[in-house]
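These notes are about the structure you will find just below.
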Amino acid sequence: MPWSKNDYPASMKNLEPDVREKAIEIANALLRDDTDEGRAIAIATAQARKAVNGDDNDRPRYEVKAREEDWVLLKENGERAIFSEETKDALLEKAKPYVNDHNGILSIYQEDGDLDSTLYE
């Protein structure tokens with residue numbers, strides 16, 4: 001079933017409206033070409049961000065990192081926490097919508113400081 005402005009995957013709800021519209025257009029085209037739904041959403045979101053916002057170098061980068069007694073969301077190379085929570089999961093609930101609203105890229109680190117994953121590239 002094709003998606004529309006009013007009926008789209010939940011994972012697209014926090015995208016900027018113009019990015020979401022482009023992502024819906026791309027995802028529908030991918031579905032017509034028999035691409036798996038999950039892959040279509042991921043590919044469409046990434047391509048829509050590039051098409052609407054340009055190069056990733058222009059987008060803010062954020063990091064989720066462990067501190068001594070809590071987890072924090074920081075702007076890349078920043079010192080002040082945007083959010084802090086006792087657990088990584090609680091922080092990610094706040095961080096993901098925030099980074100999406102700011103059209104950013106989110107790097108998530110493990111407790112030992114190793115990079116775990118990067119979202120919204």
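The values are calculated or read from the model by the stated rules, or taken from the named source; none is laboratory data. Please read these numbers as outputs of a predicted model, since none were measured by experiment. Counting neighbours? That spans all protein chains shown, and the Cβs are built from the backbone with ideal geometry, glycine included. When the accessible area is computed, the model is the full protein with side chains, heavy atoms only, and any ligands, DNA or RNA have been set aside. Shrake-Rupley method; radii C 1.70, N 1.55, O 1.52, S 1.80 Å.
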Next item on the list: Report the residue count in segment 1-48 for those that are open to solvent by less than 40 Å² (accessible area, probe 1.4 Å) and small (Gly, Ala, Ser).
Entry: 7
Notebook entry, point to check: Out of all the residues in segment 48-92, which are outside any strand (DSSP E or B), in contact (Cβ under 8 Å) with a residue 24 or more places away in the chain and touching a Ser or Thr at 6+ places or on another chain (Cβ under 8 Å)?
Noted result: Glu76, Leu91
Note to self: Here is a check on your reading of the model: is Ala51 open to solvent by 60 Å² or more (accessible area, probe 1.4 Å) and among the hydrophobic types (A, V, I, L, M, F, W, C)?
What the structure shows: yes
Notebook entry, point to check: Only one of (1) surrounded by fewer than 16 Cβ atoms within 10 Å (Cβ to Cβ); (2) in contact (Cβ under 8 Å) with a residue 40 or more places away in the chain; (3) in a strand (DSSP E or B) is not met by Glu121, so which one is it?
Noted result: (3)
Margin query: Among the numbered criteria (1) in contact with a Phe, Trp or Tyr (Cβ under 9 Å, 6 or more places away or on another chain); (2) farther than 27 Å from Trp3 by Cβ, which one does Leu106 miss?
Written below: (2)
Item checked: Unique residue being modelled with pLDDT of 90 or more, charged (D, E, K, R) and open to solvent by less than 60 Å² (accessible area, probe 1.4 Å) when the list is Glu85, Glu93 -> Glu85
Check: Can you tell me how many residues in segment 96-110 are modelled with pLDDT under 95 and either part of a loop (DSSP other than H, G, I, E, B) or charged (D, E, K, R) (or both)?
Finding: 5
